[in-house]
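Undergrad: Take this structure first; my questions come after.
The values are calculated or read from the model by the stated rules, or taken from the named source; none is laboratory data. Treat the numbers as computed from the prediction; the structure is a model and nothing was measured. Virtual Cβ from ideal backbone geometry, glycine too; neighbours counted across all protein chains shown.
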Amino acid sequence: MRFKDKVVLVTGGARGIGRAIALLFAQEGADAVIWDVNEQESGKTCADIEALGRKSLAMQVDVTNYKEVEGSVNKILDKFAKVDILVNNAGITRDGLLLRMNEADWDAVLNVNLKGPFNCTKAVSKVMIKQRSGKIVNIASIIGIIGNAGQANYAASKGGIIAFTKTAARELAARNITVNAVAPGFIQTEMTAKLSEEIRNKMQAQIPLGKLGEPIDVAQACLFLASKDADYITGQTIVVDGGMVMV
Ligand code: NDP
């Protein structure tokens, strides 16, 4: 129960990695708010959180819309009066080779994956500054470190989030707020289920630990970065990838 009486906000928490993060925090005692565009799945995740004896709030929020984000922070404050932890997890892919990638696919990915965390960090850090404490964890990707053919938009957004993490960490450190990132490798979710068998096998062959990761592997790293054990860590990116990328 390391997170008893803490309030965690997870974007894109309806399913996949975000859902695993919200549930793990709830298992450790936290109340959890889910911001997602997927209303149906958000409701299910919140029901599972409540089954663990925790409070939860499912809100339909598009992280690309700053006004919506700001208004939704106020609704969290009405119910919970604070936000201790923000996990910027919502993310999308729109893959295609650079020369064939259209502007709409570039903009959509940058909007959700990079502008989204900016919007949420800006709105939530105002609350954390008043509290004089907070933990922010951004979900990046190893693709933001090594790049990947067919993912120029995604790689740029995830590389951007790592740089954003460092800058936000520097700006918010004096207010007792840490900002770190987790860069997952190849994790079994609906996002990766879309890939062909051939690509999956090729990726798996590059993983020294010999298997794909699970959402819980990413959630455990988030839990650590949001815990007291990580009070003296900020601006860092923890890679959770079975050893694919060693820097
Ligand atoms: P999923 O696609 O399984 O889940 C993402 C969730 O975010 C969905 O519920 C989705 O809603 C929601 N979402 C999409 N757009 C928005 C938006 N504008 N505002 C709010 N919520 C939104 O993704 P994963 O769980 O696989 O990925 C989670 C994070 O982890 C992402 O940032 C991803 O880039 C990162 N990551 C994933 C890896 C993997 O192997 N799976 C590897 C490395 C990083 P909807 O259901 O409507 O789409």
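Undergrad: Taking the stretch 24-56 as the region of interest, how many residues are within 21 Å of Leu77 (Cα to Cα) and either more than 13 Å from the ligand (Cβ to nearest atom) or touching a Leu at 6+ places or on another chain (Cβ under 9 Å) (or both)?
TA: Adding up the residues that qualify gives 18.
Undergrad: So Thr165 fits all but one of (1) of a type in the set (S, T, N, Q); (2) crowded, with 18+ Cβ neighbours inside 10 Å; (3) in contact with a helix residue (DSSP H, G or I) (Cβ under 7 Å, 6 or more places away or on another chain); what number is the exception?
TA: (3)
Undergrad: Could we say that Ala230 is in contact with a Phe, Trp or Tyr (Cβ under 6 Å, 6 or more places away or on another chain) and at pLDDT 95 or above here?
TA: Spelling it out, Ala230 is indeed in contact with a Phe, Trp or Tyr (Cβ under 6 Å, 6 or more places away or on another chain) and at pLDDT 95 or above.
Undergrad: Would you pick out the residues in the stretch 79-95 that are of a type outside the set (S, T, N, Q), part of a loop (DSSP other than H, G, I, E, B) and touching a residue at least 12 places away in the same chain (Cβ under 8 Å)?
TA: Lys82, Val83, Asp84, Ala90, Gly91, Ile92, Arg94, Asp95 - these are the residues of the stretch 79-95 that are of a type outside the set (S, T, N, Q), part of a loop (DSSP other than H, G, I, E, B) and touching a residue at least 12 places away in the same chain (Cβ under 8 Å).
Undergrad: Sticking with this one: What number of residues within the stretch 57-86 are within 14 Å of the ligand (Cβ to nearest atom) and of a type in the set (Asp, Glu)?
TA: 2
Undergrad: Looking only at the stretch 1-23, filter to residues that are charged (D, E, K, R) and more than 12 Å from the ligand (Cβ to nearest atom); which one of those is surrounded by the most Cβ atoms within 10 Å (Cβ to Cβ)?
TA: By that ranking, first place goes to Lys6.
Undergrad: In addition: In the stretch 100-155, which residues are over 15 Å from the mean Cα position of the chain (by Cα), outside any helix (DSSP H, G or I) and within 12 Å of the ligand (Cβ to nearest atom)?
TA: Asn148, Gln151
Undergrad: Are there any pairs, at least 6 apart or on different chains, whose C-beta atoms fall under 7 Å, with the first in the stretch 4-27 and within 18 Å of Cys120 (Cα to Cα) and the second acidic (Asp, Glu) and in a helix (DSSP H, G or I), and if so, which?
TA: What qualifies is Ala14/Glu41.
Undergrad: Would you pick out the residues in the stretch 24-78 that are assigned to a strand (DSSP E or B), of a type outside the set (Val, Ile, Thr) and in contact with a strand residue (DSSP E or B) (Cβ under 6 Å, 6 or more places away or on another chain)?
TA: Asp31, Ala32, Trp35, Ser56, Leu57, Ala58, Met59
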